[in-house]
Amino acid sequence: MKSAISVALALGVAAMAAIAATPALDMSRALPEFEKIVPGRIGGWREVKSPYVQIAVATDDRGQAVAATYDETLMRTYVDDAGHAVMLALAYGLNQRQEAKIHRPELCYVAQGFKVLAIESSLAHVPGVPDEKVVIKRMLVEGRDRKEAVSYWIRVGKLFSESAFDTRVYILGQGLKGEVPDGILVRASQIVPRSIEGEELERIYAVQEKFLSDLVKAVPETSRASLTGW
């Protein structure tokens, strides 16, 4: 009888500890309304209609686009006076958990029939972030009908994630503090010639990083944290 009572008490304590350790969702955090806060003109860029369909920011196991993963998304195309056309994709999740996280573009592109030719980490200049440096991924992909150069960052809380492992560890650490971070994918991409390489490709990535920097500056200061966390 005593052993049964001891087991019951132990289970009760464990259950209460689990409840106490469960991070609470921040219901006061407001969703960014991208259609309102992202202007049609960004620095020297202007929004245009594009005949190209962007790669989805989230897919299911069959490679089909899904929308339920994110709380807010935006897809637009911008051009500058030099004729550069950059496709912008924003995908925001209010509460990032192990079972519901930002989808990494390298996986989404592959799921939608592209091959990743190259991917590397770089540091980009982003206004408002400490030291104004953000870890950004540069990726070159090729599909049946086009080739794309892609620059993106994934922010989860204050972390600019370089890998799925980094994201999981960060979310776990935040959860142990009783916090659930928000997160966003900020992606810029351009359709490029099949033969692109070397300095020409570097110039494309430089254009994209300049565009992303201009994007942050163009968003009202009160909303920039949704993009950068700061």
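Bear in mind that the values in this text are calculations on the coordinates, not laboratory data. Computed from a prediction, not measured in an experiment: that's the story for all the values here. Reconstructed Cβ throughout: ideal geometry from the backbone, glycine too, with neighbour counts over all protein chains shown.
Put a plus charge on the Cβ of each Lys and Arg, a minus charge on the Cβ of each Asp and Glu, and nothing anywhere else: the dipole of region 47-178 about its Cα centre is then about 280 debye. Which of rounded, prolate, oblate describes region 168-220, given a ≥ b ≥ c as roots of the alpha-carbon gyration tensor eigenvalues and a/c under 1.5 marking rounded, otherwise prolate only if a/b is larger than b/c? Since a/c reaches 1.5 and a/b is larger than b/c, the shape of region 168-220 is classed as prolate. Determine the shape class of region 141-185: with a ≥ b ≥ c the square roots of the Cα gyration tensor eigenvalues, call it rounded for a/c under 1.5, and otherwise prolate if a/b is greater than b/c, oblate otherwise. It comes out prolate by the Cα gyration axes.
For ARG46 and GLU197 in the same chain, what is the full-extension length gain: residue separation times 0.36 nm, less their Cα-Cα distance, in nm? Please list the in-between numbers first.
Numbers: separation 151, 0.36 × 151 = 54.36 nm, distance 2.71 nm.
Extra length from ARG46 to GLU197 when fully extended: 51.6 nm.
The convex hull built on the alpha-carbon positions of region 109-224 has an orientation-averaged projected area of 8.4 nm².
Between ARG144 and LEU172, the C-beta separation translates, for a Förster distance of 41 Å, into a calculated FRET efficiency of about 0.60.
Counting every pair of alpha carbons in region 74-166, the share spaced more than 14 Å apart comes to 72 percent. Across region 152-168, rounded Karplus estimates of 3J(HN,Hα) from the backbone phi angles (6.51 cos²θ - 1.76 cosθ + 1.60, θ = phi - 60°) give 8, 10, 10, 10, 10, x, 9, 8, 9, 7, 9, 7, 4, 5, 4, 5, 4 Hz, Gly and Pro being marked x. Percent of Cα pairs in region 70-128 per distance bin of 5 Å, from zero to the largest separation: 4, 11, 13, 20, 27, 17, 5, 2, 1.
With the dipole of region 151-230 worked out from charges on the C-beta (+1 for Lys and Arg, -1 for Asp and Glu) around the Cα centre, which of ALA206, VAL192, GLY175 lies farthest toward the positive end? Of the options given, the answer is GLY175.
Which is farthest toward the positive dipole end of region 78-230 among ALA91, ALA149, ILE119, measuring Cα position about the Cα centre, with Cβ charges +1 (Lys, Arg) and -1 (Asp, Glu)? Among ALA91, ALA149, ILE119, the one farthest towards the positive end of the dipole of region 78-230 is ALA91.
Over region 42-199, with a single point scatterer placed on each C-alpha, what log10 of the ratio I(q)/I(0) does the Debye formula yield at q = 0.11, 0.18, 0.20, 0.21 1/Å? Reported log10 I(q)/I(0), two decimals: -0.46, -1.23, -1.47, -1.57.
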